[in-house]
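Since the structure comes first, as structure tokens, the remarks are kept for the end.
The values are calculated or read from the model by the stated rules, or taken from the named source; none is laboratory data. Since this is a predicted model, take the numbers as computed values, not measurements. Here the Cβ positions follow ideal geometry from the backbone for every residue, glycine too, while neighbour counts run over all protein chains shown. These accessible areas exclude ligands, DNA and RNA; they are computed on the full protein's heavy atoms, side chains included. Shrake-Rupley method; radii C 1.70, N 1.55, O 1.52, S 1.80 Å.
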Amino acid sequence: MDEELLSKKELLEITGISYGSLYRWKRKNLIPEEWFIRKSTFTGQETFFPKRKMLERIDRILNLKEDLSLDSLAEVFAPNLSTLTMSEEEILKKDLIQKSSLSFYEQIRGKFKTLSFNNLLFLFVFDELLRSGKVNLDESKIALKTLEEQYAVFEGKNCTLFLCRKSGITTCFLASSPVMIRFDHETKVITQLDLYERIAKLKIKLQE
Amino acid sequence: MGTQEIKDLKIFGIANTTGGVFRDVFINGTGRISGDLESESLAVNGNATIIGSITTKKTKISGNCTIDGSFICDSYKVLGMSTISGDLTAKNIHVEGYIKITESIKAETVNISGKLITEGNCNAEVFESTGTFEIEGLLNGDKINIELLGKCKASEMGGANISIRRKNTDVPILKQILSSIIDSVKERPLMQVDSIEGDDIYISYTQAKVVRGKHVKIGPDCSVELVEYSEDYEKAPDSKVQSSKRI
């Protein structure tokens, strides 16, 4: 991951949060363990964070903190478990997924009464792929199928969905993140989605 | 199925059994349970080996208990000896005996008057120790209150309030003289840690590489390589601090 990093000291300076809050949020899993990147510097070991993600997350925590308790915040950011199920009307009412994606989904999977959280997540990703305009329907279907078949392996852990194209052929795979992948020059990564982020997004939408 | 009554599991003598769902689990002799266990309570007075994960509410281990799996419960009390090859998640952890964990601890309160060893991290809202501990990873707690008895170790420490003191020896003079002789043989109180980060920090009898915080107070008998503070900083004259700077 060749991302810009931010040291812990800089983070506290920029955001104005205290060590106490940072460690508290870490304890409550509001900040994923893998964002704490250890590096040796001339002053010994120091901790760094992926700058963009971390600032975004802190910002979101500070905004939501007033309305939600830390534990329900943890629910929002938690990468696993949710016993919730949703019906088609609820999905449309909450405006989680656009109608056209939903009807495509029903064409593939048939009508459903309720969806489990994971299936809802897959549908959410499917919808996002279709909306992005970068991916066509067939490719989105591949992604959906991959998620349905393989996501269970990553349950509770963070993973990234990749869609790649080489000489007109599309392939899709999941990789546990953080991951570093390099391809040959003919392969083009069409899109890559962080599932953790999508879960957080979906949960926030559900809380609204 | 639904009307089936949940039974107790009691082992007196020697028994091998499988896991399952029970109300209360007592092991008074030597018991070996293979498989996951779910119960209201677990009490071990003898010798227990459990191969599987455990979900229970109240746990009291007075004998010896070895668990190969993760452990989830409300209250966990060890008076004897307990080894867990997995994570321990509990509301309250009380260690008066000895506990060793190969993964991480997650709890609201951890109270140690015996000995705790973990190869992973230890997360608690309130962490109190009047015993000894060795934490290979991070000790993360909102309130960390350590009264040193012997040698304690952690690789990192982080939280809001951190206090490391010597255990209060409230004994009469004669006893004090006696205990000072005993003390000279016994291990000196010492906290060994790489880094400490917190808002309010008071440390004494501590060896650390870095201490970072808002309010930092260094008490007696410390040796610190670097102190970084943002508000105020105090140091006892007999403590060694190689460098300190305000950030």
Check your understanding: On a 0 to 90 degree scale, rounded to 10, what angle separates helix B:173-185 from the longest Cα axis of chain B?
Key -> 80 degrees
Review point. Hey, which aspartates and glutamates would be in cross-link range of A:Lys51, C-alpha to C-alpha under 20 Å, not counting anything within fewer than 8 residues on its own chain?
Key: A:Asp2, A:Glu3, A:Glu4, A:Glu10, A:Glu13, A:Glu33, A:Glu34, A:Asp59, A:Asp194, A:Glu197
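Taking only C-alpha pairs under 8 Å that are 6+ residues apart, what is the relative contact order of chain B in percent?
Value for chain B: 8 percent.
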Review point. Stretched out fully, how many nm does the piece from B:Lys100 to B:Ile6 gain, at 0.36 nm a residue minus the Cα gap?
Key: 30.7 nm
Review point. In square angstrom, what is the accessible area per residue of chain A with a 1.4 angstrom probe?
Key: 53 Å²
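Suppose accessible area is computed on protein heavy atoms with a 1.4 Å probe; arrange A:Arg198, B:Arg166 from highest to lowest.
Largest accessible area first, the residues go B:Arg166, A:Arg198.
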Check your understanding: In straight Cα distance, which lysines are under 18 Å from B:Lys115, not counting same-chain residues fewer than 8 positions off?
Key -> B:Lys60, B:Lys77, B:Lys100, B:Lys106, B:Lys151, B:Lys153, B:Lys167, B:Lys186
Review point. At a 1.4 Å probe radius, carbon and sulfur cover how many percent of the accessible area of the range B:1-73?
Key: 51 percent
Practice item. Could you pull out every whole DSSP H run in chain A that spans at least 20 Å of Cα extent along its own axis and averages 0.5 or higher on the Kyte-Doolittle scale? Key: A:117-132
Check your understanding: What residues of the range B:212-247 lose no less than 50 Å² of accessible area with every protein chain in place versus their chain by itself (probe 1.4 Å, heavy atoms only)?
Key -> B:Arg212
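Round to a whole number: what % of the accessible area of the range A:14-132 belongs to carbon and sulfur, probe 1.4 Å?
Of all accessible area on the range A:14-132, carbon and sulfur atoms account for 49 percent.
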Check your understanding: Cross-link partners among aspartates and glutamates for A:Lys94, C-alpha distance below 14 Å, same-chain residues fewer than 8 apart left out?
Key -> A:Glu208
**Study point:** A versus B: buried accessible surface, summed, Å² (probe 1.4 Å, to nearest 100)
**Key:** 1500 Å²
Practice item. Starting from the Cα of B:Arg188, step 7 Å along the direction of its Cβ; do the same at A:Lys93; then give the gap between the two resulting points in nm. Key: 7.0 nm
Review point. To the nearest 10 square angstrom, what accessible area does B:Thr18 show with a 1.4 Å probe?
Key: 90 Å²
Practice item. Report, for the protein assembly as shown, the % of DSSP beta bridges that are antiparallel, rounded to 5. Key: 15 percent
Review point. If you roll a 1.4 Å probe over the heavy atoms of the protein chains, what accessible area per residue do you get for the range B:45-163, in Å²?
Key: 35 Å²
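Can you give the longest run of chain A that contains no chymotrypsin sites (Phe, Trp or Tyr not before Pro) sitting in a DSSP loop with at most 11 other Cβ atoms inside 10 Å?
It works out to A:43-182.
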Practice item. Return the calculated 222 nm mean residue ellipticity for the protein assembly as shown, to the nearest 500 deg cm²/dmol, obtained by summing -39500 (n - 2.57) across DSSP H runs with n ≥ 4 and dividing by the residue count. Key: -8000 deg cm²/dmol
Exercise for review: List the residues of the range A:5-20 that lose 50 Å² or more of accessible area once all protein chains are present, compared with their chain alone (1.4 Å probe, heavy atoms only, no ligands or nucleic acids).
Suggested key: A:Lys9, A:Tyr19
Revision key, fill the gap. In terms of the alpha carbon gyration tensor, root eigenvalues a ≥ b ≥ c, rounded if a/c is under 1.5 and otherwise prolate when a/b exceeds b/c or oblate, chain A is oblate
**Study point:** Restricting the range B:184-243 to GluC sites (Glu not before Pro) in coil, as DSSP defines it, with at most 15 other Cβ within 10 Å
**Key:** B:Glu187
Review point. Pairs A:Lys113/A:Lys188; A:Lys134/A:Lys205; B:Lys10/B:Lys58: which exceed 26 Å Cα-Cα?
Key: A:Lys113/A:Lys188
